[in-house]
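The values are calculated or read from the model by the stated rules, or taken from the named source; none is laboratory data. Keep in mind the model is a prediction, meaning the values are calculated, not measured. No Cβ is skipped: glycine too gets one built from the backbone with ideal geometry, and neighbour counts run over all protein chains shown. For the accessible areas, the whole protein counts, side chains as well, though only heavy atoms, and no ligand, DNA or RNA atoms are used. Shrake-Rupley method; radii C 1.70, N 1.55, O 1.52, S 1.80 Å.
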Amino acid sequence: MLGGFDFVNFIFMAVIAATPLLFATLGEILTQKSGSLNLGVEGMMSMGAAAAIAASYFYESAAGAGLSGFVSASLAVLIGFLAGALGGLIYSVLTVTFRANQNVTGLALTIFGIGAANLVGELLGIRAGGRTTVDDATKTMFSGINISTLSDIPVIGRIFFSYNFMVYLAIITAVILIILFNKTRTGLNLRSVGESPATADAVGINVTKYKYIAASVGGGICGLGGVYISMATIGGFAGTWDNNIIAGRGWIAVALVIFAAWRPARAMIGALLFGGLSALWLYLGPWLQNHLPNASIPQQVYNVLPFAATILVPIITSIRQSKDHSQPKSCGTNYFREER
């Protein structure tokens, strides 16, 4: 605490808010590294969120009294990933195989994903006879974990060892992508496809395969961001479906890709900063109300801060643009082998 402002809990909540953004940003970075500009992040996150709720709900209905929270949570994560991957696969079929415009396809995927997710949510609500929610055993699996005595360490325990497993999964995913892009031949080939698919094709790299895998796996990672929002969000609504549950976070992730300069390590920093903006009203608002009541700011202003930042990010990035921190050269352009 400093002057009544709880920095420790603020950082904790910033990490919580940053996690779905990190998943989505990493998924889009992987996709764009292959030269595919998929603007359907919001749709893939929505598909992952709805699929996770549906997977747990149907498992719990079938298991009855013998349900396992671990199995339910595992199914939610797996099916949510596969739902997001399906969105990425649809995008690949349309843009890689049928050579549809990437921007239009991404926007269409956003509309489709949100609509499909809302439809699934409504059908689940009808089946449940009200609001769709998962069992407490499943919710417990997505709550914060206690890592022996580490979680009890003052300050450090709260900041580093008190999150749910998906926070650590997001960090592990970022580390894996860092290693993939910088230390492996597969990563080098992927970056080659994104920079110059014609050159990559000429040296024997299967451009179509790399684009399909990158977009599908990237979509799956975006789907995990949706799983986190629907299953692990702190509060009484964890594990409960709400229409339009992603609430624009997919678009924030698209801006974060630019902010991160297509680098997973910088994506972690950017996600934390944007997560801090999202959590700011929980702590700065009450602090101002108590200490400077005449300077209090309406909550709506705090809510718009992350989206205002998405406008500033491309402007600042374009001003400071450098060759080393630029978008993959073929991103947004379909590859025609006949024109090689």
>> Could you check the spin-label model distance between ILE269 and VAL8? Points 7 Å from the Cα along Cα→Cβ, value in nm.
In response: 2.7
>> Given points 7 Å out from each Cα along the Cα-Cβ axis, report the THR97 to PHE58 separation in nanometres with one decimal.
In response: 2.3
> Which residue, ALA49, ALA73, ALA198, has the most motion in a Gaussian network model of the chain that connects Cα atoms within less than 10 Å?
Replying inline: ALA198
>> I want to verify a result. In a Gaussian network model of the chain, Cα cutoff 10 Å, which of these has the top mean-square fluctuation: VAL41, VAL15, VAL93?
In response: VAL93
>> Using +1 at the C-beta of Lys and Arg and -1 at the C-beta of Asp and Glu, which of GLN327, ASN303, SER230 has the Cα lying farthest in the positive direction of the dipole of the chain?
In response: GLN327
> Quick one: length gained pulling PHE336 to ILE147 fully straight, 0.36 nm per residue minus the C-alpha distance?
Replying inline: 62.8 nm
> Between SER196 and ASN182, 0.36 nm times their residue separation minus their Cα-Cα distance comes to what?
Replying inline: 3.3 nm
>> Just to verify a number: FRET efficiency for THR208 and LEU78, C-beta to C-beta distance, R0 = 22 Å, to 0.05?
In response: 0.25
>> Tell me the per residue accessible area of region 7-319 using a 1.4 Å probe; a whole number in Å² is fine.
In response: 44
> So how far apart, in nm, are the two label points at LEU169 and ALA128 if each is 7 Å from Cα heading toward Cβ?
Replying inline: 1.9
> What percentage of the solvent-accessible surface of region 7-319, computed with a 1.4 Å probe over protein heavy atoms, is contributed by carbon and sulfur atoms?
Replying inline: 70
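Taking only complete DSSP H runs, can you tell me which helices of the chain stretch 20 Å or more along their own long axis by Cα positions and average at least 0.5 on the Kyte-Doolittle scale?
Those that clear 20 Å and a mean of 0.5 are 7-33, 41-63, 69-92, 102-128, 165-183, 207-231, 264-291, 299-319.
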>> Of SER151, VAL167, GLY121, which is farthest towards the positive pole of region 116-221's charge dipole, taken about the Cα centre with +1 and -1 on the beta-carbons of Lys, Arg and Asp, Glu respectively?
In response: VAL167
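Relative to 2.2 N^0.38 Å, what does the C-alpha radius of gyration of region 7-319 come to as a ratio? Two decimals please.
Compactness ratio reported: 1.02.
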> In the chain, what is the count of Lys pairs whose alpha carbons are under 26 Å apart, counting only pairs at least 8 residues apart or on separate chains?
Replying inline: 12
>> Placing unit charges on C-beta atoms (Lys and Arg positive, Asp and Glu negative, everything else neutral), compute the dipole magnitude of the chain about its Cα centre in debye, rounded to 20.
In response: 900
